[in-house]
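Each remark here refers to the structure printed beneath this line.
Every number here is computed from the coordinates shown, using simple stated rules; none is lab data. It should be emphasised that the depicted structure is a prediction, and the values quoted were computed from it without experimental measurement. Please note: Cβ atoms are built from the backbone with ideal geometry, for glycine as well, and neighbour counts cover all protein chains shown.
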Amino acid sequence: MIRITRKYRFSASHRLHAPQLGERENRELYGKCNNPFGHGHNYEIAVSVSGPVDARSGRAVDIEVLDALVRREVLEPFDHRNLNEDLEAFRAAVPTSENLGREVVRRLKQNWRAAFPLPEPHLESVSIAETSRNTFEVSAYEIE
Amino acid sequence: MLITRKVEFSASHVCRNPQLTDEENRALFGAAANPHGHGHNYVLEVTVEGAPDPVTGMVLDLKLLKDILNREVVDAYDHRFLNHEVAPFSQVIPTPENIAIDVWNRLHPHLSGSRTRLHGVRIFETPDLYVDYFGEGA
């Protein structure tokens with residue numbers, strides 16, 4: 001088995017605000033990230049895929065197929081968007097990096113079989129960095 | 001405990017399966033099938049697992065690790081055309097997957113000691129694409 005990791009970038013804005021909490025609680029909990037007008041990041045995501053090396057191609061994953069899948073399901077809908085306003089998933093969930101990572105895994109898993117019809121390669125994990133200081137890794141096995 | 005050391009080498013390669021036609025190779029590998037080859041600045045991260053020696057406080061002598069990486073990988077790979085100059089790539093397509101496996105095979109015999117074992121190799125073909133290999137069966 002080989003694990004291949006590919007990095008992608010997108011830029012988006014968001015606001016961290018939990019509707020179940022009051023204005024003051026939100027300000028205390030999220031600090032600057034609770035600014036009502038939102039703020040933005042240059043996100044970096046790393047998608048890790050595992051599989052055996054195919055003898056014909058010497059590759060474990062067709063990178064072009066992976067790129068097209070990530071572009072269509074993640075980069076195009078997320079890049080230069082306001083995550084709270086433009087993404088259905090973040091109407092109910094706060095767009096933290098934790099929830100963003102889970103949403104990326106969910107989108108890739110839902111569309112995986114159509115892109116990769118064979119049992120391998122499979123999605124291993126997605127890691128997401130809002131800034132270069134913090135990285136959140138979500139295993140593909142923790143999401144339905 | 002895991003210890004990782006990084007080295008770099010620059011090399012050219014062509015991704016081409018000789019059993020396929022030119023057209024099939026272009027469809028499979030795209031620009032990487034250009035028969036004249038193209039190059040990358042590869043970055044190799046080698047991770048060794050072991051327990052520190054109670055006397056020296058070290059898992060292994062990093063100078064020794066550096067010498068092994070230079071001798072077994074960098075000297076063989078750096079500024080070479082992999083397909084033509086580095087075994088086994090006259091037979092095996094030098095994709096990053098196969099490079100990771102070859103690097104593992106080159107290093108494994110030299111890093112399996114009483115206190116250490118090779119844990120994994122990571123090859124960056126570009127800053128945005130890397131491959132991990134943890135040995136057969138892993």
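Numbers at a glance
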| quantity | calculated |
| --- | --- |
| Single residue of B:Val55, B:Val59 found to be buried (at least 16 other Cβ atoms within 10 Å of the Cβ) and either within 14 Å of another protein chain (Cβ to nearest Cβ) or among the β-branched types (Val, Ile, Thr) (or both) | B:Val59 |
| One residue from B:Arg115, B:Arg122 being of a type in the set (D, E, K, R), surrounded by fewer than 23 Cβ atoms within 10 Å (Cβ to Cβ) and farther than 25 Å from A:Ala46 by Cβ | B:Arg115 |
| Among (1) buried (at least 19 other Cβ atoms within 10 Å of the Cβ); (2) under 25 Å from A:Tyr30 (Cα atoms) - the single one A:Phe116 does not satisfy | (2) |
| Checklist (1) under 16 Å from B:Phe89 (Cα atoms); (2) assigned to a loop (DSSP other than H, G, I, E, B) applied to B:Gly57, failing item | (1) |
| Residue within the range B:65-84 that is loosely packed, with under 12 Cβ neighbours inside 10 Å, within 14 Å of another protein chain (Cβ to nearest Cβ) and more than 24 Å from B:Phe29 (Cα to Cα) present | no |
| Test result for A:Asn99, over 14 Å from the mean Cα position of the chain (by Cα) and not basic (Lys, Arg) | no |
| Which numbered condition B:Gly50 fails, given (1) within 13 Å of chain A (Cβ to nearest Cβ); (2) out of contact with any helix residue (DSSP H, G or I) (no Cβ under 7 Å at 6 or more places or on another chain); (3) crowded, with 17+ Cβ neighbours inside 10 Å | (1) |
| Helices (runs of 4 or more DSSP H) wholly inside the range A:26-144 that include at least 2 residues being within 14 Å of chain B (Cβ to nearest Cβ) and among the acidic types (Asp, Glu) | A:63-70 |
| Selection from the range B:1-47 of residues that are loosely packed, with under 12 Cβ neighbours inside 10 Å and in a loop (DSSP other than H, G, I, E, B) | B:Met1, B:Pro18, B:Gln19, B:Thr21, B:Pro35, B:His36 |
| Residues satisfying the stated conditions in the range B:85-138, i.e. among the aliphatic types (A, V, I, L, M), closer than 21 Å to B:Leu2 by Cβ and within 14 Å of chain A (Cβ to nearest Cβ) | B:Ala100, B:Ile101, B:Val103, B:Val121, B:Ile123, B:Val131, B:Ala138 |
| Inter-residue pairs, beta-carbon under 6 Å, first under 22 Å from A:Pro121 (Cβ atoms) and within 8 Å of chain B (Cβ to nearest Cβ) and in the range A:1-18, second assigned to a strand (DSSP E or B) and of a type in the set (A, V, I, L, M, F, W, C), 6+ apart | A:Ile2/B:Val131; A:Ile4/A:Val49; A:Ile4/B:Val131; A:Thr5/A:Ala46; A:Arg6/A:Val47; A:Arg6/B:Leu129; A:Lys7/A:Ala46; A:Tyr8/A:Ile45 |
